[in-house]
Amino acid sequence: MNKRQFLCTAVLSTVLSVPYAMAEKILLNDFQKAEFEPWEFVTDQVMGGVSTGSASIETDSEQRYLHLKGLVSTENNGGFIQTRRSVPAESVRGVSGVYVIVKGNGEEYFIHLRSKWTVLPWQYYQAAFSASGEWQEIRMPLGEFKASGWMLPRKISPTDIRSIGIVAFGRDYSADVSIKEAGFYKD
């Protein structure tokens, strides 16, 4: 390997290993602070479903976090519980994806993004994640979010994002997920 090949390889390996660590975070909520933007709790009961639950701020010995828990039921055409908040348009310019620091009961959960194009209540862009029993940071590039229907643009544009939700969805199960941080990142 000549000197140029060595330098190219070194630069390439550095570039490939740095993005995750160097990505700029845009924190939406730090639940450690006394004041933060409130998250709304919604269930499928708004459409006649029977899922139940709650979203509340809780504290353990080290920190405060948002705790979403409940029973998701697909009875009566239902199947979700959700906590969500609006997203200021200026905070998402140029973002590459969503990040959350979460822990849970090992189940699959979803991030739902709504945009200026999601005018009907059942429209969203969705990406899945699993929440283990330990705090973990999960990053989801915007390209991984799938539109909920054919009426939406295939990809979500950062400047179109209007809200973010953490959702237990789609099947009968006991939901239990905690969120320490939620936000966006730029590569």
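Residues are listed down the side, and each one gets a yes or a no for (1) out of contact with any Cys (no Cβ under 7 Å at 6 or more places or on another chain); (2) in contact (Cβ under 8 Å) with a residue 60 or more places away in the chain; (3) in a strand (DSSP E or B):
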{"site": "S61", "(1), (2), (3)": "yes, no, no"}
{"site": "L66", "(1), (2), (3)": "yes, yes, yes"}
{"site": "K69", "(1), (2), (3)": "yes, yes, yes"}
{"site": "R93", "(1), (2), (3)": "yes, yes, no"}
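One residue stands out among those in region 136-187 that are crowded, with 16+ Cβ neighbours inside 10 Å and of a type in the set (D, E): the one that is nearest to V98 (Cα to Cα), which is E181. Taken together, S115, S174 contain a single residue that is small (G, A, S), within 19 Å of V42 (Cβ to Cβ) and either in contact with a helix residue (DSSP H, G or I) (Cβ under 8 Å, 6 or more places away or on another chain) or without any contact (Cβ under 8 Å) to a residue 24 or more places away in the chain (or both), which is S115. Once region 132-146 is narrowed to residues that are among the hydrophobic types (A, V, I, L, M, F, W, C) and out of contact with any Lys or Arg (no Cβ under 6 Å at 6 or more places or on another chain), the residue that is nearest to V177 (Cα to Cα) is I138.
Among the residues of region 150-171, those that are among the aliphatic types (A, V, I, L, M) and either assigned to a loop (DSSP other than H, G, I, E, B) or free of Cβ contacts under 8 Å to residues at least 24 places away in the same chain (or both) comprise M151, L152, I156. R93 - would you say it is under 22 Å from N29 (Cα atoms), buried (at least 21 other Cβ atoms within 10 Å of the Cβ) and of a type in the set (D, E, K, R)? Answer is no for this residue.
Would you say A127 is exposed (fewer than 15 other Cβ atoms within 10 Å of the Cβ) and among the hydrophobic types (A, V, I, L, M, F, W, C)? Against the criterion (exposed (fewer than 15 other Cβ atoms within 10 Å of the Cβ) and among the hydrophobic types (A, V, I, L, M, F, W, C)), A127 does not qualify. So, P88, is that one within 11 Å of the chain's Cα centre (by Cα), surrounded by fewer than 16 Cβ atoms within 10 Å (Cβ to Cβ) and not hydroxyl-bearing (S, T, Y) or not? No.
Residue by residue, here is whether (1) out of contact with any Gly (no Cβ under 9 Å at 6 or more places or on another chain); (2) more than 21 Å from I166 (Cα to Cα); (3) at pLDDT 80 or above holds:
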{"site": "A21", "(1), (2), (3)": "yes, yes, no"}
{"site": "N29", "(1), (2), (3)": "no, no, no"}
{"site": "K33", "(1), (2), (3)": "yes, no, no"}
{"site": "G48", "(1), (2), (3)": "no, no, yes"}
{"site": "D60", "(1), (2), (3)": "yes, no, yes"}
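Restricting region 29-50 to residues that are part of a loop (DSSP other than H, G, I, E, B) and touching a residue at least 40 places away in the same chain (Cβ under 8 Å), the residue that is nearest to V102 (Cα to Cα) is F31. Inside region 52-106, residues that are under 11 Å from S178 (Cβ atoms) and of a type in the set (A, V, I, L, M, F, W, C) make up a count of 7. The residue of region 177-187 that is farthest from the chain's Cα centre (by Cα), among those that are part of a strand (DSSP E or B) and more than 15 Å from Q136 (Cα to Cα), is K186.
Of the residues T59, T74, T52, T118, which single one is over 16 Å from the mean Cα position of the chain (by Cα) and under 24 Å from I156 (Cα atoms)?
On the way: T59 fails: under 24 Å from I156 (Cα atoms); T74 fails: under 24 Å from I156 (Cα atoms); T52 fails: under 24 Å from I156 (Cα atoms).
Being over 16 Å from the mean Cα position of the chain (by Cα) and under 24 Å from I156 (Cα atoms) holds for just one of T59, T74, T52, T118, which is T118.
In the condition set (1) closer than 16 Å to R171 by Cα; (2) β-branched (V, I, T); (3) modelled with pLDDT under 95, V72 is compliant with all but (3).
The values are calculated or read from the model by the stated rules, or taken from the named source; none is laboratory data. The shown structure was predicted, so the numbers you read here are calculated from the model rather than taken from an experiment. Here the Cβ is made from the backbone with ideal geometry for all residues, glycine too, and neighbour counts use every protein chain on show.
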